[in-house]
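Each value in this text was obtained by applying a stated rule to the coordinates, not by laboratory testing. The structure presented is a predicted model; accordingly, all values stated were derived computationally and were not measured. Note: ideal-geometry Cβ built from the backbone for every residue, glycine included; neighbour counts use all protein chains shown.
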Amino acid sequence: MRTLIENLEFALTVDKNDKVLHRASVVVNNDRIGDIGLAADVAKRNPRESFDKIIDGSRYGMTPGFIDSHVHLSETLSRAVFPDTLATRAWVFHWAKPFYAAVTGEDEVCGARIGMAEMLRCGTTCFLDMGAQNAVRGVIEAIDQMGMRGITGRHAADVRPDQIPPGWTEEMMRHHFFPDAKTALKELERTVKDFDGAGGGRIRCWCNIEGKEPCSLELHIGSRALAEKLGVGTTYHLATSIEEAKVSERKHGKWPITRIHDNGGLASNLVIAHCVAVQDHEVGLMADAGTKVAFCPATSVKLAKGAAKIGKYPEMIEAGMDVGLGTDGVSAGGNMNLMRQIYMMAGMFKDSRMDSTLIGARKALRMATIDGAKALGWDDEVGSLEVGKKADFVLFDLDHFEWAPYGDALQAVVYSASPASIAQTWVDGKALFRDGRVVTVDEKALRAEARHRAAEAVKRAGLSHAHTPTVTTTYD
């Protein structure tokens, strides 16, 4: 299938020079970009009769598809269930874990599907999921059926708390916690061998673990080493809050990043999620190792992680690290709208440090596209609009009120636009969101199923604003 999208008002290529094309055309050859450039030049190189389909792009603007560097598909049914007065550790141990305990494999697949439908409506074409709690095969099949590009795995931990918090069930702990690191790593290896490369290569499988206190040092170090052996990556939560850092210092004499570094755990195939509580010298440790970071601005704001106050993200970027953006799970970040993260990233450090030159629109967009692709090890195929790369892109409707009028397309995308003005989202050369709907799923039926399953899961979990703890001493 050969498609021409001609006369685009603009195309933000996000190539190495951040080239912006005006009155541009793009040729899609099956699943890849066959040509891109000024409309007149593309027309000279490509006879019109060579195309199976020609799309008038004169009312559209194009960007690369957005890349979500940290998401929890298995959390999607918990939207707006937990209080917004929780710090990170209480949020995880007293609310998220009991919710996960009440989620079945079928619930998890439903949540993954509705989460991906939301992503497509928001322009996200590729993601790094923390991994399935129950139904790895089901989630893999859901990604394939939705047509998205993504990385997932088998969520793993191996350290149960000394005192089991309320709401944790033995059944949840059996499938969530492996008896030891060796057993967990064996299962992670099997999962990668079974599923990596599914969906014609659109789906990758990594050696993902939960990270932090629920994982032993052996599992942190071992998952990265196993990933290297298998030629894949790993991701886990680390340094997610100052409370976590202080627990680590009290127990181990070191902050989390230093502890992992001193045991040989930092490397270029590791993506650390959140990475808020970082000391100055630890930025250099990560940069020297080539370690990547997935920053979730909305989660930091909602859970009071303090990224704008203590976070070292501008320093990480200055040190040459690949820092991507993530939405996190919907109960932590609010939704799967990566454009919200782009907007926040562009401005939050300008404001907190009172320096208008920090980050800004250009870098924020790169973090959600090519830098995210680099973090995921997929920048050879996605993250920018270039010949030979996969045809993953977003078309904005420039007739929408968000765009009437506008001057600079880059600033309009970052500061003015939202998913409301997204007309189409393409993955692998196919328009998966168009004409106001996601074409690979019955969204109305899916939403009804999700509402039912979410209500039942919350009921089973027994979560209550009146009775569920909002502070924790778990793993202290």
Exercise. Kindly express, to the nearest 10 degrees and within the range 0 to 90, the angle between helix 105-121's C-alpha long axis and the longest C-alpha principal axis of the chain.
Key: 40 degrees
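As a footprinting exposure proxy, order VAL427, VAL471, VAL20, VAL159 by other Cβ within 10 Å, with the fewest listed first. Walk me through the numbers on the way to the answer.
Working: VAL427 26, VAL471 9, VAL20 14, VAL159 19.
So the residues, fewest neighbours to most, are VAL471, VAL20, VAL159, VAL427.
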Quiz item: Cα axis of helix 217-230 to longest principal axis of the chain: angle in degrees, 0 to 90, nearest 10?
Solution: 40 degrees
Self-check item: Cα lying deepest toward the dipole's positive end in the chain, options SER69, ALA294, VAL471, charges on Cβ
Solution: VAL471
Self-check item: Protection-proxy order for peptides 336-343, 147-154, each taking the mean of Cβ atoms within 10 Å per residue, highest first
Solution: 147-154, 336-343
Exercise. Answer with one residue from LEU21, HIS452, MET345: the one whose Cα lies farthest towards the positive end of the charge dipole of the chain, charges on Cβ with Lys, Arg +1 and Asp, Glu -1.
Key: HIS452
Quiz item: So what's the net charge close to MET367: Lys and Arg +1, Asp and Glu -1, counting the other residues with Cβ under 14 Å from its Cβ?
Solution: 0
Practice problem: Compute log10 of I(q)/I(0) for the stretch 120-251 with the Debye formula, placing one identical point scatterer on every Cα and leaving out solvent, at q = 0.14 Å⁻¹, to two decimals. | Solution: -0.66
Quiz prompt | For the chain, size of Cβ-based charge dipole, Lys and Arg +1, Asp and Glu -1, in debye | solution = 200 debye
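Please report LYS186, LYS302 as a ranked list, fewest other C-beta atoms within 10 angstrom at the top and most at the bottom. Provide the component values of the computation, followed by the final result.
Numbers: LYS186 12, LYS302 18.
Neighbour counts put them in this order, fewest first: LYS186, LYS302.
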Quiz item: Just for the stretch 87-221, what percent of DSSP beta bridges are antiparallel, to the closest 5?
Solution: 10 percent
Quiz item: Based solely on its DSSP helices, what 222 nm [θ] is calculated for the chain when runs of n ≥ 4 H residues each add -39,500 (n - 2.57) and the sum is averaged over all residues, nearest 500 deg cm²/dmol?
Solution: -10500 deg cm²/dmol
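Starting from the coordinates of the alpha-carbon atoms of the stretch 238-353, obtain the Kirkwood hydrodynamic radius over all distinct pairs and give the value in Å to one decimal. Let's see the in-between values first.
Numbers: mean 1/r = 0.0700 Å⁻¹.
Every distinct Cα pair counted, the radius reaches 14.3 Å.
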Quiz item: For the cross-link pairs LYS229/LYS302; LYS229/LYS292; LYS212/LYS389; LYS182/LYS312, which exceed 26 Å when the distance is taken from alpha carbon to alpha carbon?
Solution: LYS229/LYS302; LYS212/LYS389; LYS182/LYS312
Quiz item: Net charge near ILE140, counting Lys/Arg +1 and Asp/Glu -1 over other residues with Cβ under 14 Å of its Cβ?
Solution: +2
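Apply 1/(1 + (r/R0)^6) to the Cβ-Cβ distance of HIS465 and ARG48, taking R0 = 56 Å, and write down the FRET efficiency to the nearest 0.05. Don't skip to the answer; put the middle values down first.
Numbers: r = 62 Å, r/R0 = 1.10.
The value I calculate is 0.35.
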Quiz item: ARG447 label point, 7 Å along Cα→Cβ, cut-off 18 Å on backbone N: hits in the stretch 110-128?
Solution: 110-123
Quiz item: Looking at GLN411, GLY264, SER384, which one has the Cα that reaches farthest to the positive end of the dipole of the chain (charges on Cβ: Lys, Arg +1; Asp, Glu -1)?
Solution: GLN411
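If we count other beta carbons within 10 Å of each Cβ, what is the order of GLU118, GLU75, GLU402, GLU170, fewest first?
On the way: GLU118 20, GLU75 25, GLU402 15, GLU170 8.
The order, fewest Cβ neighbours first, is GLU170, GLU402, GLU118, GLU75.
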Quiz item: Considering the Cα trace of the chain, what is its radius of gyration and what is Dmax, both in angstroms?
Solution: 21.7, 71
Exercise. Can you tell me the 0 to 90 degree angle between the C-alpha axis of helix 280-289 and the longest principal axis of the chain, rounded to 10?
Key: 60 degrees
Quiz item: So, counting K/R as plus one and D/E as minus one, what does the shell of residues with Cβ under 15 Å around TRP206 add up to?
Solution: +1
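Considering only DSSP beta bridges with both partners in the chain, what is the antiparallel share in %, to the nearest 5? Working shown, then result.
Numbers: 30 of 61 bridges.
Percent antiparallel among DSSP bridges in the chain is about 50.
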